[in-house]
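A short worksheet on the structure shown next.
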Amino acid sequence: MRGFDSLNPITALIYYLFAICIPMFTLDPIIALISISTSVLFDILLQKRMGGKYIFVFLLFLISSLINPIFNQNGVTVLLFINDTPITLEALVYGIFSSLTLVSVIVWFFTFSSVMTSEKLIYIFGRISPKTALVISMALRFVPLFLKNYKKTENALKCTGLYDTDSLFGTLRLKIRAFSALLTQSTEYGIITADSMEMRGYGKGKRTFFSLYKFGITDTVFSLGVIFFGILCLCTLNGVQFYPTLFEKELIYSNVISYISYFILAVTPSILTVSEGIRWKYLLSKI
C-alpha cells in the first residue's frame with residue numbers, strides 16, 4: 001500500500017474536493033469535529049510537528065467564535081446582556097461550530113499545500129490549460145523567491161544604519177522601503193521571464209508533456225472509495241438546525257451513517273501515512 005502523497009495527483013484532488021467541501025457546505029457540528037481532528041492529525045503526520053501556525057489558527061477560532069454571538073442575536077436562550085445586547089446560547093454554539101469548520105478547512109489546505117506540489121498541479125492543469133499551468137508554476141516559484149529577496153533586502157537596509165529598528169516608526173519605515181524595493185525587483189523579474197520565454201519560442205508551436213505519474217489500480221480503488229463514501233455522507237446527512245432552538249439528539253442519531261462515512265473518508269490519508277511509515281521502518285530493519 002502506498003502513502004497518500006504518492007498517489008496520483010488527480011486522486012488526491014478528488015479526495016480534497018470531498019474532504020473540504022463536505023464540512024464547508026454542511027455546517028454540521030459532528031462533521032466539523034471530525035474534520036478538525038482528522039485534518040490536524042494528518043498535518044502533524046506530514047510535518048512531524050505541530051508548528052507555530054496553529055497559534056494563528058487557534059486565535060482565528062477564538063475571534064470568529066466570539067464575533068457571531070455579538071453581532072447575531074438570533075436564538076431564544078439568553079445567557080447574558082452586554083450593553084443591552086443579548087448573547088444567546090444558539091448564536092454562541094453556531095459561532096463555535098462555524099469557526100471550527102473554518103479552521104478545519106484552513107488546516108486541510110495546509111495539508112493540501114504539502115501534498116500537492118507544483119509538479120502535481122502542473123500535471124493536472126497542464127493538458128487542460130497550459131497557460132494556467134504556466135501561471136501556477138511561476139507563482140509557486142516566485143513566492144518563495146520574493147520572500148527570500150525580501151529578507152536579503154531588509155538585512156541590507158539594516159546594515160546601512162539609517163533605520164532605528166528599536167522603535168515602531170523606524171521598523172515600519174524599514175519594512176516599507178524593503179517592500180518598495182521588492183516591487184521593483186518583481187517588475188524586473190517579470191520582464192526578464194517574459195523575454196526569456198519569447199526567446200525560447202514559447203507559444204509558437206504545440207507543446208508536449210512528460211510526466212512520471214500513472215493512474216494505476218490503487219488510484220482507481222481509492223478514487224472510487226472516496227466518491228462512494230463522500231456521496232453516501234451527503235445523501236444520508238439530514239442537516240442540523242441552530243435557530244431558533246438548538247438541534248435535538250434524535251437528529252444527530254439519524255446522521256450516524258453520514259458521520260461514519262465522513263470519518264472513514266477523512267481518516268484514510270492518516271492511516272495510509274502511518275502504514276507507509278511502519279512499512280518503511282520494517283524494510284529498513286531488514287537491511
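Are any of the residues in region 102-116 surrounded by 15 or more Cβ atoms within 10 Å (Cβ to Cβ), of a type in the set (Gly, Ala, Ser), modelled with pLDDT of 75 or more and under 25 Å from the mean Cα position of the chain (by Cα)? Looking for residues that are surrounded by 15 or more Cβ atoms within 10 Å (Cβ to Cβ), of a type in the set (Gly, Ala, Ser), modelled with pLDDT of 75 or more and under 25 Å from the mean Cα position of the chain (by Cα), one finds at least one in region 102-116, hence yes.
Of the set (1) modelled with pLDDT of 80 or more; (2) more than 16 Å from the chain's Cα centre (by Cα); (3) closer than 27 Å to residue 238 by Cα, all apply to residue 24 but (2).
Which pairs do you get when a residue that is in a helix (DSSP H, G or I), found in region 176-197, comes within reach of a residue that is surrounded by 10 or more Cβ atoms within 10 Å (Cβ to Cβ) and small (Gly, Ala, Ser), reach meaning Cβ atoms under 8 angstrom, with the pair 6+ apart or on two chains? From region 176-197, the pairs are 197/203. If the condition is being part of a helix (DSSP H, G or I) and modelled with pLDDT under 80, then region 142-168 contributes 142, 143, 144, 145, 146, 147, 168.
The values are calculated or read from the model by the stated rules, or taken from the named source; none is laboratory data. Treat the numbers as computed from the prediction; the structure is a model and nothing was measured. For neighbour counting, all protein chains shown are included, and Cβ atoms are generated from backbone atoms with ideal geometry for every residue, glycine included.
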